[in-house]
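First the structure, in the form of structure tokens, and then the observations on it.
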Amino acid sequence: MNDTRVEQLIAELLREIGEDPAREGLQKTPARVAQAFKFLTAGYGQELRAVVNDAVFTAASHDMIICRDIEIYSLCEHHLLPFYGKCHIGYIPRQKLLGISKLARIVNMFARRLQIQERLTAQIADAIQQVTGAVGVGVVLECRHMCMMMRGVEKQNSSLTTSSVLGSFRDELSTRTEFLDLIGR
Ligand SMILES: [Zn+2]
């Protein structure tokens, strides 16, 4: 990202909405916005292999592993406004376990891009499947979208739930039911 160019664009945006980018409170705003966007879109510069960094452990376990309530913050690609909420992940390992902090890192890698919630959910599930070779993976996202809450229909208490299930989570009703029970759905 070219910071200087982005700062110029934000100053231009401020002028177009009727603001004065030179007034005291806004003088540093273009630079702050540029840095914020750099952070919020850092996922574009990351790749799965580096994020996981070999933190895959061999274990005999075939029991379902659940990680609930991972905080998630992303930007909708339609309005560049935030959506945020919780991510629940379950998987049944095939002798390979992923360090728990790596689950959160995978979530952040995909959330820090412009997204729609459905694709974000699928990308997280696919990535976990890819790095662990799991028997099955389930991911559920429950998010609130600022583009819905602040503008448009202004529905402030609605949230969107999306899920992606792979392998045994897709094929076996009992596995899927166990997953949904464990995440409290
Ligand atoms: Zn939106």
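The residues in the range 69-109 that are in a loop (DSSP other than H, G, I, E, B), surrounded by 14 or more Cβ atoms within 10 Å (Cβ to Cβ) and within 16 Å of the ligand (Cβ to nearest atom) can be counted, and the count is 2. From the list 183, 124, the lone residue that is touching a helix residue (DSSP H, G or I) at 6+ places or on another chain (Cβ under 7 Å) and β-branched (Val, Ile, Thr) is 124. Report yes if some residue within the range 18-36 is out of contact with any helix residue (DSSP H, G or I) (no Cβ under 7 Å at 6 or more places or on another chain), without any contact (Cβ under 8 Å) to a residue 24 or more places away in the chain and within 30 Å of residue 129 (Cα to Cα); otherwise report no. Looking for residues that are out of contact with any helix residue (DSSP H, G or I) (no Cβ under 7 Å at 6 or more places or on another chain), without any contact (Cβ under 8 Å) to a residue 24 or more places away in the chain and within 30 Å of residue 129 (Cα to Cα), one finds none in the range 18-36, hence no.
Of all residues in the range 1-39, those satisfying the criterion of being among the β-branched types (Val, Ile, Thr) and out of contact with any Ser or Thr (no Cβ under 9 Å at 6 or more places or on another chain) are 4, 6, 17, 29, 33. When 111, 122, 134, 104 are checked against the criterion of being touching a Lys or Arg at 6+ places or on another chain (Cβ under 7 Å) and touching a residue at least 24 places away in the same chain (Cβ under 8 Å), 134 stands alone in meeting it.
In this structure, is residue 63 acidic (Asp, Glu), more than 16 Å from the ligand (Cβ to nearest atom) and either open to solvent by less than 80 Å² (accessible area, probe 1.4 Å) or modelled with pLDDT of 95 or more (or both)? Spelling it out, it is not the case that residue 63 is acidic (Asp, Glu), more than 16 Å from the ligand (Cβ to nearest atom) and either open to solvent by less than 80 Å² (accessible area, probe 1.4 Å) or modelled with pLDDT of 95 or more (or both).
The residue of the range 110-121 that is most open to solvent (accessible area, probe 1.4 Å), among those that are touching a helix residue (DSSP H, G or I) at 6+ places or on another chain (Cβ under 8 Å) and over 19 Å from residue 138 (Cβ atoms), is 112.
The values are calculated or read from the model by the stated rules, or taken from the named source; none is laboratory data. Nothing here was measured: the structure is a model prediction, and the numbers come from that model. Cβ atoms come from the backbone with ideal geometry, glycine included; neighbour counts cover every protein chain shown. Just so you know, the surface numbers come from the protein's heavy atoms only, side chains and all, with ligands and any DNA or RNA stripped out. Shrake-Rupley method; radii C 1.70, N 1.55, O 1.52, S 1.80 Å.
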